[in-house]
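Student: Please find one structure pasted underneath; my questions will follow.
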Amino acid sequence: MKSDFLDELYFSSAFPLPFRVLCLVGLGILGWATNLHGLHLWHIDAAGVLDLNNYDGYRLTSPLPTDRRAGWKGAHYSLQAHRPVYKLFVTYFVWTFACWLVFRYATRGDIESVDSFKFIPALASLCVLTALMCPFNVLYKHERDKFLAAIHRCLLPSPHRVYFSDVVFADIFTSFAKVLGDMWLSVYMLLPSGSLLAQPAQDGLTRWILPTLMSIPYAVRLRQCLVEYNAPNNESRRPLFNALKYASSFPVIFLSAAQRIVVSDTLALKGESAVSQPWHGEHQLFRLWLLAAAVNSLYSFWWDVTNDWGLDLLLPKHAGGPSRQSSPPRPLILPRLHSRSALLKNPGRTSVDSNPDGGSDDVAHTHAHAYALPQERPLHLWGLRPVLLFPLAVYPFAILVDLVLRLTWSAKLSSHLHSYAEGDLIIFWIELAEVVRRWMWVFLRVEWETIKEAQVHESASRSPPRSAVGMGMGAGAGAGGIAMERRETFREPVHEQEEFEMVPSDISGHNSEAG
């Protein structure tokens, strides 16, 4: 036990909490840059789906950092979306790493000297905050302005509409909920009366400040879901169920803060030896916190897989309706049919037009699957979906990782666990794992939104006459029906009067609601 305490003390002296916060923020910047870059490499128009290049005067219609140039949207701008974010990360990394090296050189590994040089992480953090708020056109002002606009749009959103880019930003924000709490603790540590080697005592009303700060991202997403649910054109209860997911985080956060009652009761009954243990299963308040953590983790995992990623693995069998029949997962027939590409304007045209010789075999092979009759097509053997833009192995790996890291949700949101031995080191690794989980989540979330938008554009271009819709021949059943039932219908092939036959992709999905 003494050895663990010394290891914990050495970790806190070598890598104090303010530098850990700066490190996690830097990883968030790098993760967003690699998200944009990776989606571009897989020919997914992330900048188009997220409306990253839309402007409305000074007000930005999209909050996430992207290319400097404004104007019309197109694939050319999406090619450059990740580059300024990479440059921003490099600048941030050089400054933060240099400050940490100076700190390590000044302390020379001496634990007693750590607090004497705590002005170094204070200066590093203050310069980062100053650079973020700097009004001059330096240090990637375009990206900084978009980040500040993101915060403004999330904290003071429109009461009528929620954009998909706002949803993605706010969801990323929830993964940094613990980082917000760490920022508050860092301020306490950097004060003259604080210490980098021990967390400040939180008594009285101050003990509720940390959980309140950690709950802000979930309150933002909760409000977004309620705005979406109360929208005049909304006919689905899906945003309400999504709001319940974020509401289930509040009991975990505040019941964790109330664990001091458990500690005081345990101290009175069993003495100081039992207080240092993280498990108090005999106390009702502890069991209530454990139940809230389990419900939040499992419900969030189910929502990730079923709604955010559009996979069928955990979907109830009756949700697809009696007519749901589908083939094993396959790549999108039109690999470049994304929301803002020119192909969406003419969905009857494929890449075969521009290159009739190259790549036609792949298209023809995929068309052969699409021609299979409904009664010959088995259900999804892997519990995925008909259209996959990433390699097949990505999806089971993502599901497994998401399940494991979702189950650590309670530890990430539970401030009372930080007071035990090995707390700083374990919590830091949990925070790091959550950043990685969210980074992985963004890929599949944007992919699913791309597929849904492609379906919407294809359905609009192939919609039957109004009389046919009135007779029940239309494929669309309303936004709410698509979101809740997720039906898939088989469409007969459309024979074009050209050198090839165009077979529409068999795509199923939710409606285009964000979140």
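Student: Taking the highest mean first, how do the peptides 33-45, 125-137 order by number of other beta carbon atoms within 10 angstrom per residue?
Tutor: Per-residue mean Cβ counts within 10 Å order the peptides as 33-45, 125-137.
Student: Which shape class applies to the range 80-189: rounded if a/c is under 1.5, otherwise prolate when a/b exceeds b/c and oblate if not, where a ≥ b ≥ c are the square roots of the Cα gyration tensor eigenvalues?
Tutor: prolate
Student: Between Leu400 and Arg207, what length in nm is gained on full extension when 0.36 nm per residue of separation is reduced by their alpha carbon distance?
Tutor: Between Leu400 and Arg207, full extension yields 66.0 nm more.
Student: Report the label-to-label distance for Leu432 and Tyr299 in nanometres (one decimal), using points 7 Å from each Cα along the Cα→Cβ vector.
Tutor: 3.2
Student: Assuming a ≥ b ≥ c are the square roots of the Cα gyration tensor eigenvalues, decide whether the range 135-219 counts as rounded (a/c under 1.5), prolate (otherwise, with a/b larger than b/c) or oblate.
Tutor: In terms of gyration-tensor shape, oblate.
Student: While we're looking at this one, here's another question. Out of the chymotrypsin sites (Phe, Trp or Tyr not before Pro) in the range 170-211, which ones are loop residues according to DSSP with at most 14 other C-beta atoms within 10 Å?
Tutor: Of the chymotrypsin sites (Phe, Trp or Tyr not before Pro), not one in the loops of the range 170-211 has a Cβ with at most 14 other Cβ atoms within 10 Å.
Values quoted throughout were computed directly from the atomic coordinates according to the rules given, and no laboratory measurement underlies them. Here the structure is a predicted model, which means the values were calculated and not measured. All Cβ positions, even for glycine, are placed from backbone atoms using ideal geometry, and neighbour counts span all protein chains on display.
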